[in-house]
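Asker: Before I ask anything, let me first share the structure, which is written out below as structure tokens.
The values are calculated or read from the model by the stated rules, or taken from the named source; none is laboratory data. Here the structure is a predicted model, which is why all the values come from computation and not from measurement. Positions of Cβ are backbone-derived with ideal geometry, glycine not excepted, and every protein chain shown enters the neighbour counts.
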Amino acid sequence: MADLKLFVTLWPSFPHFLEFADDERIAGIRLNSAMMSQTELEQELAIASAQADVPLWFDVKGRQLRIAEVLPNEDHLDIRLNHPIRVPTPSDVLFKAGADGAQLHHLEEDGLRLVFVGGPHYKVREGESLHVRDPALEVLGPIFTAQELAKIERVKKAGIKRWFLSYVEEQRDVDLFRELIGTDAQIMLKIESRRGLEYVAKDFEKSDGITLVAARGDLYVEVDRPHDVLKATKLVLEKDPQACVASRLLLSCINGPVPECVDFSELAWLYDIGYRNMMLCDELCLKGNLLARAMNVFEAFRREYAN
């Protein structure tokens, strides 16, 4: 079992948290606070530290674009982001992991406010991520917002020394993060964009306490063409033999108790090319029955194939 490790995403407020907090089949629990206030975070950290035997990892958003505020408008989407941006307009923007989209009409407030033509089909909410796929996109301002810096300090006080860093695109991102969390911390660097892949290909150097993550939830949306995710997944592993592959695994477990053949085939491909660390997507972890189903399927694969 130690050869193939599984990571999941949970919060103590989940009704099923205790069911999995000491599950020996889980190598790590990722704490994702993107949709959480500072007060909620402090309460959750106190519970997590007291109840979880499985190692805890905290996910810091870095330069990832997320909705900070949805402004009321009846006929079009109007939002503020956590980071100001610069991009030619009009420009297409994707929501809901690429399943929805809208056209950005123009920018206001020095790139912090985005005004759209109409809006996406589904309602967007504060804290959700989005994708501006224009290669000319620039994310401006500090990598870590004031809110994210406050979260980092709270997590450090809770004694957590394992971290995920989202949307890593250059060595400076890693160096700045190291200054904040200390040299003894373990970091998983989530590669989620074309610039992130360029960093991995040209500048990344493997070192103690650093692990790459092929974070395919966003990476699949960000690559130029859908099939480019295959060579991206291989690249991350080539540069870091201990890399983790995350998201878009066992998704058929959402639909019913019998997994589809393609899910087993993908697990086998990832294992055969060398991945030994894998992480389920958030959607599978939000409900206890779905997480239990996916973990049982994963355990069957681990027992019968990855041995």
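Asker: Looking only at residues that are in a helix (DSSP H, G or I) and touching a Leu at 6+ places or on another chain (Cβ under 7 Å) in region 250-265, which one is surrounded by the most Cβ atoms within 10 Å (Cβ to Cβ)?
Answerer: Cys253
Asker: Taking region 50-78 only, how many residues are among the small types (Gly, Ala, Ser), under 16 Å from Phe20 (Cβ atoms) and not in a loop (DSSP other than H, G, I, E, B)?
Answerer: Here is the first cut: in region 50-78, the ones among the small types (Gly, Ala, Ser) are 50, 52, 62, 68.
Pick out the ones that are also under 16 Å from Phe20 (Cβ atoms) and you get 50, 52.
Those still in the list that are not in a loop (DSSP other than H, G, I, E, B) too: 50.
Selection size over region 50-78: 1.
Asker: Scan region 138-148 for residues that are within 16 Å of Ser37 (Cβ to Cβ) and modelled with pLDDT of 95 or more and report the count.
Answerer: Initial filter on region 138-148 (within 16 Å of Ser37 (Cβ to Cβ)): 145-148.
Subsequent filtering for residues that are modelled with pLDDT of 95 or more retains none.
Of the residues in that region, 0 qualify.
Asker: Could I ask something else about it? Can you pull out every residue in region 41-55 that is within 20 Å of the chain's Cα centre (by Cα) and not hydrophobic (A, V, I, L, M, F, W, C)? Can you show your working first?
Answerer: In the first step, residues of region 41-55 are kept if they are within 20 Å of the chain's Cα centre (by Cα); the result is 41, 44-45, 48, 54-55.
Scanning region 41-55 gives Glu44, Pro55.
Asker: Next question, about the same structure. Cβ-Cβ below 8 Å, separation at least six or inter-chain, first residue in region 108-134 and touching a residue at least 12 places away in the same chain (Cβ under 8 Å), second of a type in the set (Ser, Thr, Tyr) and part of a strand (DSSP E or B): which pairs?
Answerer: Val132/Ser91; Asp134/Ser91
Asker: Working only within region 37-49, note down all residues that are loosely packed, with under 15 Cβ neighbours inside 10 Å and either out of contact with any helix residue (DSSP H, G or I) (no Cβ under 7 Å at 6 or more places or on another chain) or not in a helix (DSSP H, G or I) (or both).
Answerer: Within region 37-49, Ser37, Thr39, Glu40, Gln43, Ala46, Ser49 qualify.
Asker: Still on this structure, please answer the following. For the condition β-branched (Val, Ile, Thr), assigned to a helix (DSSP H, G or I) and within 21 Å of Ser37 (Cβ to Cβ), what is the one hit in Val174, Val155, Val124?
Answerer: Values: Val174 fails: within 21 Å of Ser37 (Cβ to Cβ); Val124 fails: assigned to a helix (DSSP H, G or I).
That would be Val155, the only listed residue that is β-branched (Val, Ile, Thr), assigned to a helix (DSSP H, G or I) and within 21 Å of Ser37 (Cβ to Cβ).
Asker: Let me ask another. If only one of Glu138, Glu128 is loosely packed, with under 13 Cβ neighbours inside 10 Å and either farther than 22 Å from Val245 by Cβ or over 17 Å from the mean Cα position of the chain (by Cα) (or both), which one is it?
Answerer: Values: Glu128 fails: loosely packed, with under 13 Cβ neighbours inside 10 Å.
Being loosely packed, with under 13 Cβ neighbours inside 10 Å and either farther than 22 Å from Val245 by Cβ or over 17 Å from the mean Cα position of the chain (by Cα) (or both) holds for just one of Glu138, Glu128, which is Glu138.
Asker: Let me ask something additional. Looking at region 36-54, is at least one residue in contact with a Ser or Thr (Cβ under 9 Å, 6 or more places away or on another chain), of a type in the set (Val, Ile, Thr) and in contact (Cβ under 8 Å) with a residue 60 or more places away in the chain?
Answerer: Scanning region 36-54 turns up no residue that is in contact with a Ser or Thr (Cβ under 9 Å, 6 or more places away or on another chain), of a type in the set (Val, Ile, Thr) and in contact (Cβ under 8 Å) with a residue 60 or more places away in the chain.
Asker: Still on this structure, I have one more. Just one of (1) out of contact with any Phe, Trp or Tyr (no Cβ under 8 Å at 6 or more places or on another chain); (2) in a helix (DSSP H, G or I); (3) within 22 Å of Leu284 (Cα to Cα); (4) free of Cβ contacts under 8 Å to residues at least 40 places away in the same chain trips up Leu197, so point out which.
Answerer: (3)
Asker: Only one of these is at pLDDT 90 or above, aromatic (Phe, Trp, Tyr), at negative phi and outside the structural domain of Glu222 (by TED's automatic domain parsing): Phe58, Phe95, Phe17. Name it. Quick ask: steps written out before the conclusion?
Answerer: Working: Phe58 fails: outside the structural domain of Glu222 (by TED's automatic domain parsing); Phe17 fails: outside the structural domain of Glu222 (by TED's automatic domain parsing).
Result: Phe95 is the single residue among Phe58, Phe95, Phe17 that is at pLDDT 90 or above, aromatic (Phe, Trp, Tyr), at negative phi and outside the structural domain of Glu222 (by TED's automatic domain parsing).
Asker: Continuing with this model, one more query. Out of all the residues in region 270-282, is one or more part of a helix (DSSP H, G or I) and of a type in the set (Asp, Glu)? Can you show your working first?
Answerer: Our first condition is that a residue be part of a helix (DSSP H, G or I); within region 270-282, this holds for 270-273, 282.
Add one more test, that the residue is of a type in the set (Asp, Glu), and what stays is 272, 282.
Among the residues of region 270-282, at least one is part of a helix (DSSP H, G or I) and of a type in the set (Asp, Glu), which makes the answer yes.
Asker: Sticking with this structure for a sec: For Arg63, state whether it is modelled with pLDDT of 95 or more and buried (at least 20 other Cβ atoms within 10 Å of the Cβ). Steps first, please.
Answerer: Details: modelled with pLDDT of 95 or more: no; buried (at least 20 other Cβ atoms within 10 Å of the Cβ): yes.
Answer is no for this residue.
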